[in-house]
1. Give me the dipole magnitude in Debye, nearest 20, for the chain about the Cα centre, with unit charges on the beta carbon: positive for Lys and Arg, negative for Asp and Glu.
2. Gaussian network model of the chain, Cα springs within a sub-10 Å range: biggest mean-square fluctuation belongs to which of GLU46, GLU25, GLU16?
3. Using Cα centres only, tell me the gap between the range 11-25 and the range 150-168 in whole Å.
4. Once every DSSP H run of n ≥ 4 in the chain is given -39500 (n - 2.57) and the sum is divided by its residues, what mean residue ellipticity at 222 nm do you get, rounded to the nearest 500 deg cm²/dmol?
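Read-outs throughout are calculated quantities, based only on the coordinates presented, and are distinct from any laboratory measurement. On a predicted model such as this, the values are computed, not experimentally measured, just so you know. Reconstructed Cβ throughout: ideal geometry from the backbone, glycine too, with neighbour counts over all protein chains shown.
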Amino acid sequence: MAKVEYEWVIYDSQEELDFKHWLDEAFEAGLIHGFRKLEKGIDTFELIGKQKYISNGKRKHCFASVDYTPDFLITSEPEFTPFCENSIEKVHHYIDVKGSFSKYNDNKQFQIIRKMMYKFKGIYVHKVVPDELFLKTWVPELCRYTEVKKDVKKKFKNTPTIKEYLEDK
């Protein structure tokens, strides 16, 4: 994964930055109440602590802890939850952004972490694939165009802007 810097913030991938652009537009339109990018260390959940064993009266390290940091935390009303199911009231949504392809098979790893987060912390983490979300809702202006010719990207030719999306609702 290639890290991407935007406005002095480092994102783990281009997909994460694209989702941030979508969140910016959703916030400006009043569709969500707020969001923030979560930081490793500060917003990290320890799911399983370090495992040690005793040998010859000494404690020795056996396994590292299992820690997890979601990508974003969003606050919204239940009426607007295109990435979430079964929301009842104003809620906090933990989001993990995934690309549409990963050579590391981290989707399988994410499924395990997601289950652990729910079992041990009572937190459901929503998986968001930005391109799929854009096709379901709208494509942010900063993601809509090719870099060189500034044409609308083929995959987003029939995808509305946020203004068109809101007019349609």
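1. Value, rounded to 20: 1180 debye.
2. Greatest mean-square fluctuation among the candidates belongs to GLU46.
3. Taking the Cα centre of each part, the range 11-25 and the range 150-168 sit 17 Å apart.
4. Mean residue ellipticity at 222 nm (helix-derived): -7500 deg cm²/dmol.
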